[in-house]
Amino acid sequence: MKSFEESALHPEIIHAIQDMGFETPTEVQSKTIPFILEHTQDLIALAQTGTGKTAAFGLPLMSQTDIENAVPQTLIICPTRELCLQIEKDLQHFCAYLPIKTVAVYGGASIDIQLKALRKGVHFVVATPGRLVDIIKRKRINLSEVENVVLDESDEMLNMGFQEDIDFILEQTPKNKRTLLFSATMPSNVRRIANKYMNKPEEITVGSKNAGADTVSHHVYMVHSKDRYIALKRIADFYPDIYGIVFCRTRQETKDVAEKLMGDGYNADTLHGDLSQAQRDYVMKKFRAKSLNMLVATDVAARGLDVHSLTHVINYSLPDDVEAYTHRSGRTGRAGKEGISIAIINLREKGKLRQIEKNLQKSFDHKQVPHGKEICHVQLMNLISKINDADVSIDKIGNLYDTLLESFEHLSKEELIQKFISFEFNRLLEYYENAPDINVSGNARSDDRDRSKKGERGRGHDRGERGERAPKQSMRNDNYTRFFINIGKKNGIDKSGLLRILNQHVNDRDVHYGAIDILKSFSFFEVESDNIAKITSSFAKAEHNGTPISVEKAQSPQGKANRGSKNDFIKGDDFWKQKRKKNKPYEQTAKRRKRR
Ligand code: AMP
């Protein structure tokens, strides 16, 4: 099907989509519309989100609706309230010139209003699974004349635990109905639904299975874990017109990153499971209106979020599930627009990146985190182009214009430009003046060697001969907390021995250790401050060769003088102080120069 006009769609529907600006069918539309119109067979359509799926099933199903009979003829089931509302809104546009009635039923809103709409008579019901099950159990929906059931974003629905609800709904609908299953990916749980409930379905694939959309480029930046946030800020600064979602793995990380971004003056906010529906709606409204440039979200919170013009998706942390990357990245590059999906990773995530590449059937472009100079250059060029493009409306300024001219009379054109640029850019230039290179090459050892040579604040880890994690010599840094442990040289341990003990008890590859100091009868080790609680709890009942291990946050030398050799301890502390003075961490200075 090359055009909508040549299809057998209802002329009034073609009329409506012309109003919507649809000129040519998307790939999924040109494959599914003729099929749905000409066959009664079940259909599986594998296509990414944002490829025009709603119209792919909505237009032909609307064209086949018996308008005289206002009972539910088509059920569309989708994972989230947002998507449910979006689909229903699209359907209403499609039938702008036809008396077809639609309703959206979803949780978190008054069921009475939804039941009233159902009672009045509708042709299309768009539903989230939980609410539909509720309505069916109350016997408030007539399913006897359902001819089509559409399962939209099926993989998402099953990932979200709607399996039982979907089983229940499908069992309640007539046996001779047609089932249309839309999904971005085809994992085994979706295949199970297809095998159990579908009859010899036709399978249509748009692009390759599980593959990312062609309009999305995939970029990866490799940094040490502790530099992730700095990398995020630099990327955001490097793309002044960024409008994107920053994906984090946990609610806590989402909150932390969003708070830091807001504190640093970015237009950002967060979407996570702890928000009430009203808070969520408020954040979404701001994001849709583009008052926010960045929305920091977990995968679950961002599900069904329907925003089409995202320039970027940023994986602040990679998802646990490789396929979730496809979903995340599919939120950009929609409706034919180009998009960039970025992953900020550390060395240990290289393996996972390879799995993602395999799943996507695409390679990531390895990018360098932009340096301060590049960022300033880009920002400057952006400002210049905005100034050049600005609409001039001097008449609105009125008499003030003469005063303005007088105020700048004493300046030449060059001086005026210099002053203007300095006014706008001094803080940014100052901020990035001594910004270090935070890139990590694929080879941890050579990279860390380079960093220590340059005296940069590096806190990388590499692997010892036996594959255990060993800390690099590092500067004391406020991101790390120093712990005291009551075993030392006299217990026969050295640095790698202590590290083995730490790894054995803490048993978490994501816990990063900093400097280790082994003294006579006790030792110190540093750990990223996020992990304080984990360290304390991991050693609650621990023993070393029959000696109970005591681990606690290191206190001042005075407070600890009674433990082991006082001299050793004080010597250790002075050592830290001196190092700290020489190597003041970058974040500290950066924080003081808060910009924007
Ligand atoms: P969907 O995948 O259904 O969420 O659609 C993604 C976006 O593409 C929506 O904003 C649609 O309005 C738009 N869209 C769908 N089909 C077409 C088309 N044939 N031409 C132009 N835009 C379209």
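Some notes on this structure:
- Cα centroid of the range 274-335 to Cα centroid of the range 422-443, whole Å: 28
- Here is the size of the range 70-214 from its Cα atoms: Rg then Dmax, 15.0, 45 Å.
- Farthest toward positive dipole pole in the range 4-205 [+1 Lys/Arg, -1 Asp/Glu at C-beta], among I44, A104, Q114: Q114
- Computed across the range 272-327, the Kirkwood hydrodynamic radius from all distinct Cα-Cα pairs reaches 12.4 Å.
- Put a plus charge on the Cβ of each Lys and Arg, a minus charge on the Cβ of each Asp and Glu, and nothing anywhere else: the dipole of the range 173-301 about its Cα centre is then about 740 debye.
- Across the range 4-205, the relative contact order, built from alpha-carbon pairs under 8 Å that are at least six residues apart, equals 28 percent.
- Shown are H505, H377, whose ranking by accessible area with a 1.4 Å probe and every protein chain present, most to least, is H377, H505.
- Entries in K495/K553; K2/K53; K233/K352; K200/K358 that, when Cα-Cα distance is taken, lie over 27 Å: K200/K358
- Computed about the Cα centre, the dipole magnitude for the range 296-429 is approximately 900 debye when only Lys and Arg (+1) and Asp and Glu (-1) carry charge, each at its Cβ.
- In straight-distance terms, cross-link reach from K386 covers every one of the aspartates and glutamates whose alpha-carbon lies under 18 Å from its own, apart from those fewer than eight places away in the same chain; here that gives D237, D241, E424.
- Dipole size of the range 374-432 about its Cα centre, with +1 on Lys/Arg Cβ and -1 on Asp/Glu Cβ: approximately 160 debye, rounded to the nearest 20.
- Positive-end extreme of charge dipole, the range 330-427 - chosen from C376, I417, L353 (charges on Cβ): L353
- Summed side-chain charge close to P11 - residues other than P11 whose Cβ falls under 15 Å, Lys, Arg +1, Asp, Glu -1: -4
The values are calculated or read from the model by the stated rules, or taken from the named source; none is laboratory data. Predicted, not measured: the structure shown is a model, and the values here were computed from it. Don't worry about glycine lacking a Cβ; one is built from the backbone with ideal geometry, like all the others, and counts go over all protein chains shown. Calculation scope for accessible area: heavy atoms of the full protein, side chains included, ligands and nucleic acids excluded. Shrake-Rupley method; radii C 1.70, N 1.55, O 1.52, S 1.80 Å.
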